[in-house]
1. Calculate the FRET efficiency for A:Asn39 and A:Asn229 from the Cβ-Cβ distance with a Förster distance of 35 Å, rounded to the nearest 0.05.
2. Please give the solvent-accessible surface of B:Tyr85 in Å², to the nearest 10, using a probe radius of 1.4 Å with every protein chain present.
3. Just the C-alpha atoms of chain B: what Rg/Rh do they give, with Rh taken as the Kirkwood radius?
4. Could you put A:Phe85, A:Phe14, A:Phe110, B:Phe280 in order of accessible surface area, largest first, with the 1.4 Å probe and the full protein assembly present?
5. Taking the alpha-carbon distance from B:Lys217 and a cut-off under 19 Å, which lysines remain once sequence neighbours fewer than 8 residues away in the same chain are dropped?
6. Can you pull a Stokes-Einstein diffusion coefficient for the stretch A:8-157 at 37 °C (0.692 mPa s), Rh from Kirkwood over Cα pairs, as a whole number of µm²/s?
7. Any idea what diffusion coefficient the stretch B:213-316 gets from Stokes-Einstein, in µm²/s, Kirkwood Rh on alpha carbon pairs, 10 °C, 1.306 mPa s?
8. Could you order A:Lys191, A:Lys239 by accessible surface area, starting with the largest, using a probe radius of 1.4 Å?
Amino acid sequence: MSNIIELKNVTKKFGGITALNKASLHVGAGEIVGLIGDNGAGKSTLIKTLVGVYSPDEGEILIRDQKVSSWTALKAREAGIETVFQDRALCPQQSIVWNIFMGKELTYPFGFVREKEQINEANRLIREIGFTSKLINADSPVGNLSGGERQGVAIARAIYNKAELIILDEPTNALSLNETQKVFDFVKNVKKSKRSVLFIGHNIYHVYDISDRFVILDRGEVVHQLTKNDVASPEELMKIMRDTIVQH
Amino acid sequence: MNKESSVINKIFHKNGRAFGSMGYFIILMLIFLIGAPEAWLRPNLHQSVFVMMPTLIFLVIPLVFLVASGEIDLSFASTYALAAYIFAILVKSGIDPALAILAGVISGAVVGALVGALIVYGRLSSLVASLGVLFLLRGLILVLTQSRSITMMDELENHWVYHLLVGNFYGFPMQMLWALAFVIFSYYLFNKHVFGIHIHHVGDNYVSAEQMGINVKAVKIKTFMFVGLGAGIAGIFTTLITYSFFPTQGFGYLLLALAAVFVGGTPYWGGLGTIAGAVFGVGVIAYMEVGVIAVGMSGVWRQFFNGLIILLALLGHRLHGDRVR
């Protein structure tokens, strides 16, 4: 099984602080990987480096086993990697349709936007996701939506682009039980369609439930890589995590 | 609710700010019409507005783009004069005015791009940095010209490009038609083109825009470049109309253009802007300039009323609500 993406010994520093220290991580095709770690462990930095928002100070990034240089957010999206960021990465004053197509607008030659097509697609997506109420249409500004609905827009954006790898950074944060269940259903659907997910969370039970493999990050270092066979229960995973933090 | 009224509702809701500035324009026109019907119905009053309005439109519309992107620029008032100066010295050195116009406009765009690059890569405040550029360029022009004007009556009077750009079209000033074309082009660029849409995203939340792969720096530099381009066009149109370049040219437009942006309903915080609103904003500002005198008041009242209308307009636009987050 080839890797969709691989990070090799990546280091990222902010001023004097080392946020990532020789971290390595890979996601294979059709795999669901859970990335866990305490607050400040470097999860978000790792994700942002992975998807080209931050450029690493050291280390390599490989896409389908090919080393890439000058990795950017746009290149990551073009390579079939979509991210639902922790902050949702939305523009609240703009419409749902503009947010769904942000950075990847459907255009005619010379850059004019295919408005009708975008609106039809956006309406289809928000129905498909089922996050949003019937009163909401593609023209509504995102700022009028609830937290769960905003998450729906961010997820709709990720699925529209038919990504091979979807990265979900704390996707269940601040969501209701019902909405959280929708996120899980979504992840399971992605897995069924043989695509990959990298799931970041600090709720161990959530991560254990849906992941095939776990990566534990602590103070910028990858301290454990375990498959589901290695860990019998979320409690055991929790124990492993706690022990490493103490030892570290 | 029937379908028709919901469509009207939707249009009004989406364009509330533009309708607001249209309202101010209509009210202002009514006040002047009632206050001085005779002066108001005389065509030469409107002709003087028709000189000022296109110039303001070429300045203000790109500024709407820039404010929507979350930045501001003051240097355009000097870029305006620089483009006019380059045009003037090229014409005086015997180059065809059509080519000189092209060179002038391009120089405006280049200056705009340089200002943008300075602000974006130097991570400077656009307000303060462009204030610096405003003085720097104006100072440069004053040094180069030694404060002397350049008149080009002979070179321009009978040239085809003069008639094409600022001549008469069945009694209607050509510059108004060009300004109208510029407004329509800008409307589509701002609302239907990737460039304009990315400006909205960058001004709304540049972190999100960056995460979604939009090149925020490039968008900002291009927007500054557009402001420089508009300033270049404005400078050259005015120079053509008056046949002359003078070194303090454009300075008077600095605050009027900025006022027109905000009277036009574009909020200062970025992510939103309205082209149609800006056109009415320009209308308000341009008619204020002549209207105060037309209704028989002394010209010393002009600034007072300009200030009053800016404040009233801002309070009115407040009704469209605060920034949503």
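The values are calculated or read from the model by the stated rules, or taken from the named source; none is laboratory data. These numbers come from a predicted model, not from an experiment. All Cβ positions, even for glycine, are placed from backbone atoms using ideal geometry, and neighbour counts span all protein chains on display. SASA here: full protein model, heavy atoms, side chains in, ligands and nucleic acids out. Shrake-Rupley method; radii C 1.70, N 1.55, O 1.52, S 1.80 Å.
1. Values: r = 28 Å, r/R0 = 0.81.
Here the calculated transfer efficiency is 0.80.
2. Here the accessible area works out near 30 Å².
3. 0.98
4. My answer, sorted largest first, is A:Phe110, A:Phe14, B:Phe280, A:Phe85.
5. Partners within reach: A:Lys48, A:Lys75, A:Lys104.
6. After rounding, the answer is 189 µm²/s.
7. 101
8. Largest accessible area first, the residues go A:Lys239, A:Lys191.
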